[in-house]
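The values are calculated or read from the model by the stated rules, or taken from the named source; none is laboratory data. This is a predicted model, so every value here is computed, not measured. Positions of Cβ are generated from backbone atoms using ideal geometry, with glycine treated the same way; all protein chains shown enter the neighbour counts.
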Amino acid sequence: MLYAHTMEFKVLELEREPVNFDLELKPGAIDFGDEAEQMGNLATSGSAEVIHEHRGPKEIVPDIRLRGRFAGQFQVPCARCIEPVEIPLAADFDLIFRPIGADSDPPERSITASETEIGYYQNDSLLLEDVLREQVLLSLPVRTLCKPDCKGLCPRCGANRNTQPCSCEVGPSDPRWEALTGLRGRIKS
């Protein structure tokens, strides 16, 4: 098991032979922004190879195919109270990356549904960290709650209603909303 700082797949090296990887990435090796924080190591394994895409008698496009999986523990903010919630994430991936610009020339080429899954690499290489960042972010749940009945934050004072009751009275206090409250009463009657 290797601890990696960065793992770069270079087309020239992959042309000679596929590369297998089996690594553990320490927290901080990949920046997930505010979306998630890695807790403990992120394990990943798989293989990278070059696939030659023949597009005519002379044009051959070297695609990088990356297959593998990842697994790790992450913390994400609760959608209501923003307290950190720990979730395990794991997924398999099978991805194709084309050289950037390979699809820019012929305007009449139609893009098929499967081609929307294709990524691009530049400078003849692909960083595993970039691929993993995207795969982890894609596998995050759309909405994570710390508990199903999370009360969230008070929109006025910002207090976490799960841990402390706040003294803000419920209902609009802004005079501009008063007219609407009266209107709602008239509609109901």
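In region 148-163, the residues that are over 15 Å from ALA79 (Cβ atoms) reach residues that are surrounded by 10 or more Cβ atoms within 10 Å (Cβ to Cβ) and of a type outside the set (S, T, N, Q) with C-beta atoms within less than 7 angstrom, at least six apart or across chains, in these pairs: CYS154/ARG161; CYS154/CYS166; CYS154/CYS168; ARG156/CYS168; CYS157/CYS166; CYS157/CYS168; ALA159/LEU153; ALA159/CYS166. The condition of being of a type in the set (Val, Ile, Thr), at pLDDT 95 or above, at negative phi and surrounded by 10 or more Cβ atoms within 10 Å (Cβ to Cβ) holds for only one of VAL85, VAL61, that being VAL85.
Residue check, LEU42 against (1) in contact with a His (Cβ under 8 Å, 6 or more places away or on another chain); (2) modelled with pLDDT of 90 or more, all met but one. Which one? Going through the list (1) in contact with a His (Cβ under 8 Å, 6 or more places away or on another chain); (2) modelled with pLDDT of 90 or more, LEU42 breaks only (1).
Restricting to region 1-60, give me the number of residues that are of a type in the set (D, E, K, R) and not in a strand (DSSP E or B). Result for region 1-60: 11. Please work out which one of (1) part of a loop (DSSP other than H, G, I, E, B); (2) acidic (Asp, Glu); (3) modelled with pLDDT under 75 is the condition GLU178 fails and give its number. Unmet for GLU178, out of (1) part of a loop (DSSP other than H, G, I, E, B); (2) acidic (Asp, Glu); (3) modelled with pLDDT under 75: (1). Scanning region 152-175 for residues that are of a type outside the set (S, T, N, Q) and modelled with pLDDT under 65 yields a total of 5.
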